[in-house]
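Only one structure is covered here, and it is reproduced in the block below.
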Amino acid sequence: MSPLLELWVVTRTELRRTIRSPRTLVLLILFAVFTAVTGLLGGAITRGVESQGPEAAAAAGASLIALFFGGDPSLLAQLSDLPLLLPLVFGACLFFLPLYVVLLGYDQLSAEVASGSVRHLAVRARRGSILGGKFLAQAVVTLTVLALVVLALFAAGARLRPVVEPVGYLTFGLRFWIGGALLACAYVALTSLSSAVTASPAASLLLNLSLLFAFWLLKVMAGASSTTEVLRWLSPLTYLGGVFVSGPPYATSLTAYVCFAALFLAGAWAAFRIRDI
Amino acid sequence: MEDALSFERVSKRYGSTVALDGVSFRVRSGSCHGLVGPNGAGKTTTFGLAAGFLRAGGGTVQVLGREPHDRGPSRPRFGVLPQDAELPGYLDVGALLTYWARLSGEVRPEAAARIALDRVQLPEAWDASPRALSHGMAKRVALAQSLLGEPALLLLDEPTAGLDPRAAAEVRGLLSGLRGERTVVISSHNLSELERLCDAVTVLDHGKVVQDGSMAEVTRRGVEFSIQVVRGDVPLPELRALSGVASVDLSPRGLLSLRLSPDAPPSEDVIAAALEALLARGVRVTALTQGSSLEQRVLDVTARP
């Protein structure tokens, strides 16, 4: 069987497994509830800001955007076209997406290694196909969830501020989704890595959460001092703001997430290829 | 004839524990080969290395002339029944076997999966969840998956462990049917089962090969035999004087052991002469066994000091 066909067979089955899993359903509901609550809060904030009149609303919106995404003038200028609700809610979704990804797939390999069931698969499929299939299935589910969030948000945004052209919303939506999708892929790959190097689901969950915390710490602590500032570029969180704007920051973010995804996946493959199962 | 499986000075460590230490043996194509030894001898590690689940620390493992990790287009076609590997619960048995059959390169995966399940006499499990199966049924489903893809070599780790006597007999029947059709390597603690099924055996102890050869060689069939006597005066000098007899021992329980010399005539002739001598003296004979049982041989070669 060719590697691509094998990858497709494994991905299809893993996708079926993920979709049928009660855990996926619970996480989907939790993510939907979280998005809805964030949306309601964002809506309340937006209404509160806009009730202060156009100038005051613009100033308050700029302050909020600066608070969540940094004070980059180009970012402020681009996001001012959109209802405040959209970047706020989508930003919150992206911030918590890694946690959702961890809970969805932390045991994708480690549980099968612990129970020995991966041996039934490893005797007839390349380990790269097993790893790749599991990664792709998790990524497809995550990206679909993200697409639904973007759709819901932009539908709400179009109702809130119909003055923006539908094409404008479509462009923003697509850009947000692509940025979010690559960010999600990087974190799914990180989950694959954590699961590939550990021998039990508990260990992979702990490692994965520790890595998320380490990335958050790296961004926050490294940025506090000029000597260590360069280190913050090693954290995927640093590139989150770039997802919301066009131009070089957007391209930098996308490139960074592609690199992170490739690095984590390569690490997972290197570890899983040679490990005892 | 090409070896189906060969280990050449293979070693494997888990941390500071030596699991295999310079293990070498070969399995002839088309044979049924037993792998035996006490717990911790290294049998499961040997299977793991042969199946490509584990990486050797040193030495060479070849499966059907190729690396065991090779999963490329010309990969060795072998099936594995891993010990204690759970069946995943995310698909029903039929869907699971179909999935594995597809990955094994079966052109009609569902049909192949049904045939495999029929061969282990469990067609009713098709729609069952693996989690709902009893231990014995799960073992038979695992055995069914090892038959997918028409493997030239089957590696079966404890195929009858945990099965009730009827199911174990059915599995033994299945394995007997596979003899000659394909190469089978079986690890088991059920030594009488292996003695009946296998042509050759490798005995491991403390990660080393302590005995390796055909079943006849290992159990010394044709080289020694035992006669259980219950009454009468055993003519020991007369037996020792028989042509081809190297030594004769009589245990207090009446077990007479005769060992043949390398230049002995055919063992049937020596047995006939020995029985004639015993019966002429009025000795009652209740049993005759050629060689030692595999169990006795394994106990002998793995004896603790």
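Each value in this text was obtained by applying a stated rule to the coordinates, not by laboratory testing. Remember, it's a predicted structure, so these values are computed and weren't measured experimentally. Here Cβ is always computed from backbone atoms with ideal geometry, including for glycine, and neighbour counts include all displayed protein chains.
The figures follow:
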read-out	value
Filter result (of a type in the set (S, T, N, Q) and in a loop (DSSP other than H, G, I, E, B)) within the stretch B:1-56	B:SER16, B:SER29, B:SER31, B:ASN39
The one condition in (1) more than 12 Å from every other protein chain (Cβ to nearest Cβ); (2) surrounded by fewer than 22 Cβ atoms within 10 Å (Cβ to Cβ); (3) touching a strand residue (DSSP E or B) at 6+ places or on another chain (Cβ under 7 Å) that B:GLN83 fails to fulfil	(1)
Hits in the stretch B:57-79 (condition: touching a residue at least 24 places away in the same chain (Cβ under 8 Å), surrounded by fewer than 15 Cβ atoms within 10 Å (Cβ to Cβ) and more than 14 Å from B:LEU153 (Cα to Cα))	B:GLY58, B:THR60
Any hit, the stretch B:20-28, residues being over 18 Å from A:ASP276 (Cβ atoms) and buried (at least 24 other Cβ atoms within 10 Å of the Cβ)	yes
One residue from A:LEU136, A:LEU148, A:LEU174 being touching a Ser or Thr at 6+ places or on another chain (Cβ under 7 Å) and either more than 14 Å from every other protein chain (Cβ to nearest Cβ) or under 21 Å from A:LEU15 (Cβ atoms) (or both)	A:LEU136
Selection status of A:SER110, out of contact with any Phe, Trp or Tyr (no Cβ under 7 Å at 6 or more places or on another chain), of a type in the set (Ser, Thr, Tyr) and under 25 Å from A:LEU207 (Cα atoms)	yes
Hits in the stretch A:247-266 - residues which are surrounded by fewer than 17 Cβ atoms within 10 Å (Cβ to Cβ), under 18 Å from A:THR191 (Cβ atoms) and small (Gly, Ala, Ser)	A:ALA262, A:ALA266
Some residue of the stretch B:144-152 being touching a Gly at 6+ places or on another chain (Cβ under 6 Å), part of a loop (DSSP other than H, G, I, E, B), at positive phi and not hydroxyl-bearing (Ser, Thr, Tyr)	yes
Hits in the stretch B:96-146 (condition: under 22 Å from the mean Cα position of the chain (by Cα) and within 12 Å of chain A (Cβ to nearest Cβ))	B:ALA138, B:VAL141, B:ALA142, B:LEU143, B:ALA144, B:GLN145, B:SER146
Pairs, first facing chain B (nearest Cβ under 9 Å) in the stretch A:108-131, second among the basic types (Lys, Arg) and assigned to a loop (DSSP other than H, G, I, E, B), C-beta under 7 Å, six or more apart	A:ALA125/B:ARG71; A:ARG126/B:ARG71
Condition check for B:LEU54: away from every other protein chain (no Cβ under 11 Å) and in contact (Cβ under 8 Å) with a residue 40 or more places away in the chain	no
